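Report on the following structure.
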Amino acid sequence: MIFASNVFTAQPGHADEFTGLMGNMLVTILEHDVKAAIKVTVSGTNTTEVFINSVFNDMQDFSAATANMRRSSKWVEAYMALGNSMAVNPVDSFIAEVLPGFDEIPSLSEGVIMANMWKPLSGRLADLKAGMSIAKDMHISHGASSVRAYQVYGGRYTGCFGYNVSFPDMHAMGSWWDAGAEDNAKFFDEAGKNPSADLHAQIIMDNPAVIGK
């Protein structure tokens with residue numbers, strides 16, 4: 001499974017225009033038979049970031065869908081509207097490949113996502129992947145709806161491996177957090193004795209209040 005993200009922020013004083021442009025881009029992508037959705041950061045970033053996320057079966061599917069959109073005058077118009085607007089500040093873009101054993105069916109998370117970006121230390125990638133597999137079982141057992149680990153290609157997290165834990169809503173995330181606090185602390189206490197990676201980011205995203213509704 002492949003997923004792609006394009007990330008934007010609004011310029012101060014241009015929220016209405018920004019919201020309209022984000023919603024228009026999402027609708028345009030959906031009209032080209034691509035599974036896509038918008039998430040908005042609620043924690044972990046300097047300002048509110050808007051992620052336009054899309055998912056694909058594999059890299060061939062991603063490449064074909066991208067080529068199809070780039071040939072579309074409607075997509076080009078929506079894309080150029082972003083580039084010509086004083087309301088939009090591009091932040092990042094990347095694609096990611098989900099690791100085997102981590103929910104490879106191409107689907108979008110329905111609610112809250114807690115994203116963690118880890119960069120493996122030299123020679124420790126296998127240990128990082130093994131730790132993610134252990135953590136997945138633990139996090140699912142405490143109520144997470146899904147867990148995805150993936151390799152990031154491009155953007156500000158180049159070279160990182162992401163680990164996303166998803167929930168239907170913020171209430172479910174809070175219940176999971178409290179239920180697994182003791183086990184999670186034990187896990188990180190043990191992992192911290194011989195760490196396999198450096199943590200580069202922790203971001204919590206949720207469905208937007210207005211964009212894409």
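Assorted remarks:
- Criterion (in contact with a strand residue (DSSP E or B) (Cβ under 7 Å, 6 or more places away or on another chain), over 23 Å from Pro208 (Cβ atoms) and among the hydrophobic types (A, V, I, L, M, F, W, C)) met by exactly one of Ala149, Ala144, Ala130: Ala149
- Every residue from the stretch 32-47 that is of a type outside the set (D, E, K, R) and surrounded by 13 or more Cβ atoms within 10 Å (Cβ to Cβ): His32, Val34, Ala36, Ala37, Ile38, Val40, Thr41, Val42, Gly44, Thr45
- Only one of Ile38, Ile113 that is under 27 Å from Asn24 (Cα atoms), touching a residue at least 12 places away in the same chain (Cβ under 8 Å), in contact with a Pro (Cβ under 8 Å, 6 or more places away or on another chain) and of a type outside the set (Phe, Trp, Tyr): Ile38
- Qualifying position, being touching a residue at least 60 places away in the same chain (Cβ under 8 Å) and of a type in the set (Gly, Ala, Ser), among Gly143, Gly162: Gly162
- So Phe94, is it in contact with a helix residue (DSSP H, G or I) (Cβ under 8 Å, 6 or more places away or on another chain), in contact (Cβ under 8 Å) with a residue 40 or more places away in the chain and buried (at least 18 other Cβ atoms within 10 Å of the Cβ): no
- Which listed residue, of Ala135, Ala78, Ala144, is surrounded by 18 or more Cβ atoms within 10 Å (Cβ to Cβ) and under 25 Å from Glu31 (Cα atoms): Ala78
Laboratory data are not the source of any read-out in this text; all were calculated from the coordinates shown. Just so it is clear, the model here is predicted, and its values are computed rather than measured. Every residue, glycine among them, receives a Cβ derived from its backbone with ideal geometry; neighbour counts consider all protein chains shown.
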